[in-house]
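There's a structure below that I have some questions on.
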Amino acid sequence: MYGFSQCEKYLKKMNNVYIEITNVCNLHCSFCPCGKTPLSATKNEGEHTLDSATLQNAEARTFMPSELFEKCIAGAQEIGATNVYFHVLGEPTLHPGFVHYVKKLEQTPLKLTLTTNGSTIERTGPQILASPAVRQVNFSTHAYAELPRETAERYLQNVLDFCSLSIVQRPDLYINLRLWNVGAEEASLWNSYILGRIRKTFNVEVTPGHFCSRHKSFNITGRIYLHEDTRFEWPSLEDRRKTKDERGESRTDKHAYLYDRAEQSCTECKDERIGKEIVAGTCRALDTHVAILHDGRVVACCLDHSGQITLGNISKQTLPEIINSPEAVYIKEGFTQHELRHPFCQTCHFCKRFK
């Protein structure tokens, strides 16, 4: 096992901490785990009103309390992070304390990169523009392709109005209009509509036809960009189990143990913890970022929405202790050696982008 001093040499300063202030969302996107549960927070399709069933089922969909949030931002500062995100899953602007949490960031050196579906921007936009803590806003405009057309156009117009205001009020603010659905045939008409609205709003021609893995961002005006990418599949140990079962493959006892224990922090020796099956690959988890779920669980990756690599809990441990734990170090060491040592990482398609 690694001692604490040995752990430190593997983990350099992380710049980013994902803080999932809520896993509640008001949309039912087919590409997102929030959209695959009947407990997604919505009353009417495309609206941000929360239904009573969602609010009552706090175990599945809930909001991070203020005390826990304060521990998260304290931990972020302790590890030397400069940037925080308000999501893993969920729509952060739905949190009743969203504006309050942004103001708390203003009392720290931390800057916020906000990723939002934009459905509440007409209401929350003024506070976002007024806060010096907000460095960047990412709008998931690809989500609108699955909404009723009238709702989609209204949300997009509100987003474009926000962008226009930002040019005047916050020219330093970075904004990404995300179209993370390149290659999805059902989204092509919506994408064309968005490009047309951008041209009309900003009087510029944006032609992202030369999209490739190394050229995804296209300037619209000032610090406003169109950002394209392909859809990605959220990693899941359950999907890996099903795939192996369908192929008729069996797992070793060590692998079965790890699958069963994947949602818990394991402090055993690295061979028992990870097993012998290792897949080639690397990732930026535990290098550039770490994530904290709405209930305080600290996970290695911003895609681990269900805590399948839970390294600790911010309510019981400090963030430096957690990211310097033997399990965190072993996983991170694997990335530096181009090894995906945890079964959850081996299910991830997103990390293949880092070859």
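The values are calculated or read from the model by the stated rules, or taken from the named source; none is laboratory data. Worth saying up front: this structure is predicted, and the values here are computed from it rather than measured. Glycine also receives a Cβ, built like all others from the backbone with ideal geometry; neighbour counts cover every protein chain displayed. The accessibility values were calculated without ligands, DNA or RNA, using every heavy atom of the protein model including side chains. Shrake-Rupley method; radii C 1.70, N 1.55, O 1.52, S 1.80 Å.
When you scan region 328-347, do you find a residue that is at pLDDT 90 or above, closer than 30 Å to Ala74 by Cβ and among the hydroxyl-bearing types (Ser, Thr, Tyr), even just one?
Within region 328-347 (the criterion being at pLDDT 90 or above, closer than 30 Å to Ala74 by Cβ and among the hydroxyl-bearing types (Ser, Thr, Tyr)), the answer is yes, since at least one residue qualifies.
A further question on this structure: Could you count how many residues in region 335-350 are buried (at least 22 other Cβ atoms within 10 Å of the Cβ) and under 20 Å from Asn15 (Cα atoms)?
Matching residues across region 335-350 total 1.
Follow-up question, since we're still on this one. Under the condition of being among the hydrophobic types (A, V, I, L, M, F, W, C) and assigned to a loop (DSSP other than H, G, I, E, B), which residue from region 168-191 is nearest to Leu226 (Cα to Cα)? Lay out the reasoning, then the answer.
At the first step, the residues of region 168-191 found to be among the hydrophobic types (A, V, I, L, M, F, W, C) are 168, 173, 175, 177, 179-180, 182, 184, 187, 189-190.
From the residues that got through so far, the ones that are assigned to a loop (DSSP other than H, G, I, E, B) too are 173, 180, 182, 184.
Working: Leu173: 14, Trp180: 10, Val182: 12, Ala184: 17 Å.
Selected residue: Trp180.
OK, next. With respect to Gly183, determine if the residue is of a type outside the set (S, T, N, Q) and either at pLDDT 95 or above or open to solvent by less than 50 Å² (accessible area, probe 1.4 Å) (or both). Break it down stepwise before answering.
Details: of a type outside the set (S, T, N, Q): yes; either at pLDDT 95 or above or open to solvent by less than 50 Å² (accessible area, probe 1.4 Å) (or both): no.
In short, no.
Exactly one condition in (1) under 18 Å from Ser192 (Cβ atoms); (2) aliphatic (A, V, I, L, M); (3) open to solvent by less than 10 Å² (accessible area, probe 1.4 Å) is false for Val134; which is it?
Only one criterion is unmet by Val134, namely (1).
Restricting attention to region 13-30, which residues are part of a strand (DSSP E or B) and hydroxyl-bearing (Ser, Thr, Tyr)? Before the answer, list the steps.
Quick first cut of region 13-30, residues part of a strand (DSSP E or B) only: 16-19, 22.
Once the filter is applied, which keeps residues that are part of a strand (DSSP E or B) and hydroxyl-bearing (Ser, Thr, Tyr), region 13-30 yields Tyr18, Thr22.
Name every residue in region 315-334 that is within 23 Å of Ser66 (Cα to Cα) and surrounded by fewer than 22 Cβ atoms within 10 Å (Cβ to Cβ), in order of residue number.
Within region 315-334, the subset within 23 Å of Ser66 (Cα to Cα) is 315-323.
Across region 315-334, the qualifying residues are Ser315, Lys316, Gln317, Thr318, Pro320, Glu321.
Mind listing just one residue for me: the one in region 262-308 that is outside any strand (DSSP E or B) and β-branched (Val, Ile, Thr) and, of those, modelled with the lowest pLDDT? First the steps, then the outcome.
We begin by selecting, within region 262-308, every residue outside any strand (DSSP E or B); these are 262-278, 281-284, 286-288, 293-296, 300-308.
Filter again for β-branched (Val, Ile, Thr), leaving 267, 274, 278, 282, 288.
Details: Thr267: 38, Ile274: 48, Ile278: 74, Thr282: 90, Thr288: 93.
Result: Thr267.
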